[in-house]
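Here is the structure we will look at.
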Amino acid sequence: MSIYALYSIKGGVGKTASAVNLAYLSALNGYSTLLWDLDPQGASSYYFRVKPKIKGGRERVLSKKKPLDDLIKGSDFPNLDLLPADFSYRHLDVSLNEKRHPTRLLKKIMRPLTEEYEHIFLDCPPSISILSENIFRAADALLVPVIPTTLSLRTLKQLNDFCDDEGESLGQIRIRPFFSMVDQRRQLHKQILLGLRSQYPDIFAAFVPYAAEIERMGIQRAPVMDYADADSPSVQAYQRLWQELLSN
Amino acid sequence: MKLASLHYQLADDKALEILLENSDAFWFEQASESVHQRRYYDSFDWRLYQAKQAVYSEDKVAETRLYWQQNPAATHSASSQIPPVFAEDLPHDWQSALKPILAMRSLEEKLSLDVRVLQYNCLNRYDKTMLRLYITYYQIEGEISLEDNLPISLDIEPIRGYHKPYELMQARVEELGLDTQKPKNLLKRCLKLAGLKANDYSAKLRLDLTPELNTDSACRVILGHLANSLNRNYAGTCAGIDSEYLHDFRVAGRRSRALLSQVKGAFAPEQMGFLKTELAWLSQTTSPTRDADVYLLKFETYRERLPEAMQADLEPFKQFLTQHQQICHAMLKNELEGKRYQALMQDWQDFLDKETVISSDDAPNAKIDILTVANRRIWKAAQRLLKTGKVIDDDSPAEALHDLRKLAKKLRYLLEFFQSLYDKTEIKPLIKNLKILQDNLGDFQDFEVQAEQIQAFAEQMQNQYRANSATLMAMGALSATLLDGQAQKRSEFAACFQIFSADKALYKQLFKEESA
Ligand SMILES: Nc1ncnc2c1ncn2[C@@H]1O[C@H](COP(=O)(O)OP(=O)(O)OP(=O)(O)O)[C@@H](O)[C@H]1O
Ligand SMILES: [Mg+2]
């Protein structure tokens, strides 16, 4: 059982696209898989054609008495379920703050899910917040998409520093960056790609290229493997990413 | 709350239009149509069917799947590469249930169906699937337009978190009166339509004799039945797919011999001479293979008799036996495919076909009613068994028990031949108790024979340089444990005999007084 959080302080880096495609591949490979859309924007829910709505909103989700189980929706794909987003998630921090253990609640309410699913993917909103502290505690690994620009590198460093500072209290969380939206025609991307490998041993060898096909997920409302050719670069890239994730 | 998938059987497809009706909130779209073959497997003697189980395979596009319908509510499936032949070829977690049913019997294809599956998705306005519906049509392979007679399966598969369409489908189904969740036995109906009969073979003697029947006619019926049993098992015996064909083949031959020797005077001696000698030949010809089969069937129990450290040393013995069995079987096949067997069965058939008039001097019992003869014979056999057994004590030689075994066997055959003449509830317990004694005597002798034979095998293996000292030692140890086993059986004999002899009054009442 593993919980993977697609996480980045920065927005628009490919968290949702990766969460959707990795969860799909996990399910395709026979693992019972759950994707939890924690972003009030509900992009993951949208890609799976599931209404981004939770009856009872964030309070229902955070309730320790009622199980999350009842809120889960089956996707159109075998082994793959979704816990949809809700607009009220934009104030999750407010609700969390009112709880007795505001940074540990997520881990607690997820426990029953860890019995049912082999892989859980969390699609996180971009920010450092109480919610993200919850995520750091609940997840086994943070999968961090990084666009190979100098700015992204700075935010990755920021994240690392934050986790280092919190150190003890966050436990075993692994930070595993991977390159996203890589444009190989750009020299800068290439340079950073090579340079960063040596700095971060945990960085994935596989990277996700910039591809119109991936953008089309919004029109197709499906994981990219569902409509793209099996040998297309983007499908191949996600497959490599998935293999690597699985192997360590 | 998890929604359960629903299964129904429809007599025809009239209801489908209503079921697939669209509403404002959702509509149905055909997602796929596929056709594949389903093959039902069972043993020659329908062991699965009798145990109310079914095993079938379906050739899907990507793979062949094997299914095990354990009961109407539970069907398991697993991917499979090749058609299963023995229980050991089935998926591991099925074996604990299916091995005891199939034992040594092999599976054969009994029936093949064409299966057509239509999948409909129930979509909402985002084209999200909220429910899946599968409609399955069956058709017996090669048959045309029988489709209408076979039920149509309807499977409703909910998707987690989508209750509304599920509840609506439930309501529709209820409205249509499709409340039978329990699937009717599809296989049964298919067999009927295909003109096939399950349980068309049983190793048991299934006769229905009437008491007034003349003895010669009754014996003809029994001999006809036994000839049929030989014929039915002939192909499987020659092919050697599993050991049970030969077993049943031999039982039919032995029963025939027993009938001829136990019911004397039903036919003229010259009529039956050929059958007697030829059946003796058949028994002789088939016994080496059967013996080898028995050693192989028992091999696991042999292994378990040895201390764990020795068990692996027995492996060369198994290889030897396997090869030995193959050689015996090849020779047997050669014999059975030869003229002598053909002539035997031809003469047998001729004898059954024409009733020759014979004088009552030659066949004194021929025109006596079968009940009278049966009573006489059974009572006599029971008496002999009782008398002979009574005097056996701890000092009697082993031969005394071996002889007793033969007497018990004779009585058993007689009871089985003629059981339809008597009240089932009276005769069944007698057979059951007799069987306890027979098993004891059988084991007693088998242990001895096997202990000896294993030593002979060991010598043979040694001469052929096929056994090292560890293997020879293991085989020696095995022989010793078998002799221990024999001693154990001996100590149980008195109790087993007691069970049989306690029925004396019943034997008397059933078979003696009526003949008086
Ligand atoms: N590899 C890619 N190539 C091209 N376009 C991509 C790629 N990955 C994502 N996109 C597009 O970029 C946009 C942002 O991607 P995505 O939603 O996955 O990022 P995100 O990190 O989840 O964003 P947010 O922080 O807003 O949740 C989307 O329009 C998506 O279609
Ligand atoms: Mg996102």
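Values computed for the structure shown
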| quantity | calculated |
| --- | --- |
| Cross-chain or 6+ apart pairs with Cβ under 8 Å, the range A:206-220 first and more than 18 Å from A:ASP231 (Cβ to Cβ) and touching a residue at least 24 places away in the same chain (Cβ under 8 Å), then open to solvent by 70 Å² or more (accessible area, probe 1.4 Å) and within 16 Å of ligand 2 (Cβ to nearest atom) | A:GLY218/A:TYR46 |
| Pairs with Cβ under 6 Å, 6+ apart, first in the range B:487-500 and more than 15 Å from B:ALA400 (Cβ to Cβ) and at pLDDT 95 or above, second of a type outside the set (S, T, N, Q) and open to solvent by less than 70 Å² (accessible area, probe 1.4 Å) | B:ILE499/B:ILE436; B:PHE500/B:LEU434; B:PHE500/B:LEU437 |
| Qualifying residue in the range B:75-89 (condition: crowded, with 18+ Cβ neighbours inside 10 Å and over 29 Å from B:GLU300 (Cα atoms)) | no |
| Residue list for the range B:53-63, restricted to those being open to solvent by 40 Å² or more (accessible area, probe 1.4 Å) and either at pLDDT 90 or above or part of a strand (DSSP E or B) (or both) | B:ASP59 |
| Test result for A:GLN187, open to solvent by 60 Å² or more (accessible area, probe 1.4 Å), modelled with pLDDT of 85 or more, farther than 22 Å from A:GLU244 by Cα and polar (S, T, N, Q) | no |
| Number of the condition not met by B:GLY161 [criteria: (1) open to solvent by 70 Å² or more (accessible area, probe 1.4 Å); (2) on the phi > 0 side of the Ramachandran plot; (3) at pLDDT 85 or above] | (1) |
| Of all residues in the range B:127-148 being outside any strand (DSSP E or B) and open to solvent by less than 50 Å² (accessible area, probe 1.4 Å), the one that is modelled with the lowest pLDDT | B:LEU146 |
| Top-ranked residue in the range A:212-222 [being away from ligand 2 (no atom under 14 Å from the Cβ) and either part of a helix (DSSP H, G or I) or open to solvent by less than 20 Å² (accessible area, probe 1.4 Å) (or both); ranked as farthest from the other protein chains (Cβ to nearest Cβ)] | A:ALA212 |
| Some residue of the range B:249-262 being free of Cβ contacts under 8 Å to residues at least 12 places away in the same chain, of a type in the set (A, V, I, L, M, F, W, C), over 18 Å from B:ALA374 (Cα atoms) and part of a helix (DSSP H, G or I) | no |
| Members of the range B:247-278 that are within 16 Å of B:CYS328 (Cβ to Cβ) and open to solvent by less than 10 Å² (accessible area, probe 1.4 Å) | B:PHE249 |
| Members of the range A:12-34 found to be within 14 Å of ligand 1 (Cβ to nearest atom) and over 16 Å from A:LEU142 (Cβ atoms), listed by number | A:GLY12, A:ALA17, A:VAL20, A:ASN21, A:TYR24 |
| Subset tally (residues that are touching a Leu at 6+ places or on another chain (Cβ under 8 Å) and more than 16 Å from ligand 2 (Cβ to nearest atom)) for the range A:33-54 | 3 |
| Strands (runs of 3 or more DSSP E) wholly inside the range A:1-104 that include at least 2 residues being more than 14 Å from chain B (Cβ to nearest Cβ) | A:2-6 |
| Residues located in the range B:74-131, provided they are under 30 Å from A:ASP76 (Cα atoms) and among the hydroxyl-bearing types (Ser, Thr, Tyr) | B:THR75, B:SER77, B:SER79, B:SER80, B:TYR120, B:TYR126, B:THR129 |
| Selection status of B:LEU111, outside any loop (DSSP other than H, G, I, E, B), surrounded by 19 or more Cβ atoms within 10 Å (Cβ to Cβ) and at pLDDT 95 or above | no |
| Filtered residues of the range B:323-347 (kept if farther than 19 Å from B:ALA252 by Cα and among the small types (Gly, Ala, Ser)) | B:ALA330, B:GLY338 |
| Set A:ASP37, A:ASP81: member being open to solvent by 10 Å² or more (accessible area, probe 1.4 Å), at negative phi and not basic (Lys, Arg) | A:ASP81 |
| Considering residues of the range A:199-211 that are open to solvent by less than 50 Å² (accessible area, probe 1.4 Å) and near ligand 1 (Cβ under 8 Å from one of its atoms) only, the residue farthest from A:LEU142 (Cα to Cα) | A:ALA211 |
| From A:LEU113, A:LEU122, residue being within 14 Å of chain B (Cβ to nearest Cβ) and of a type in the set (A, V, I, L, M, F, W, C) | A:LEU113 |
| Unmet requirement for A:ILE128, which otherwise passes all of (1) more than 14 Å from every other protein chain (Cβ to nearest Cβ); (2) in contact (Cβ under 8 Å) with a residue 60 or more places away in the chain; (3) closer than 30 Å to A:LYS55 by Cβ; (4) crowded, with 18+ Cβ neighbours inside 10 Å | (4) |
| Conditions (1) open to solvent by 10 Å² or more (accessible area, probe 1.4 Å); (2) farther than 17 Å from A:VAL235 by Cβ; (3) within 10 Å of ligand 1 (Cβ to nearest atom); number of the one not met by A:TYR47 | (2) |
| Set A:ARG221, A:ARG174, A:ARG240: member being more than 16 Å from ligand 1 (Cβ to nearest atom) and under 25 Å from A:ALA27 (Cβ atoms) | A:ARG174 |
| Pick from the range B:153-172, criterion of a type in the set (A, V, I, L, M, F, W, C) and touching a Leu at 6+ places or on another chain (Cβ under 7 Å), ranking: nearest to the other protein chains (Cβ to nearest Cβ) | B:ILE159 |
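Residue-wise test of (1) outside any helix (DSSP H, G or I); (2) closer than 16 Å to B:GLY240 by Cα; (3) assigned by TED's automatic domain parsing to the domain that holds B:ALA474; (4) not hydroxyl-bearing (Ser, Thr, Tyr).
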| residue | (1), (2), (3), (4) |
| --- | --- |
| B:GLU278 | no, no, no, yes |
| B:THR286 | no, yes, no, no |
| B:LYS298 | no, no, no, yes |
| B:MET331 | no, yes, no, yes |
| B:TYR341 | no, no, no, no |
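The values are calculated or read from the model by the stated rules, or taken from the named source; none is laboratory data. Nothing here was measured: the structure is a model prediction, and the numbers come from that model. No Cβ is skipped: glycine too gets one built from the backbone with ideal geometry, and neighbour counts run over all protein chains shown. In case anyone asks, the SASA skips ligands and DNA or RNA and just uses the protein heavy atoms, side chains included. Shrake-Rupley method; radii C 1.70, N 1.55, O 1.52, S 1.80 Å.
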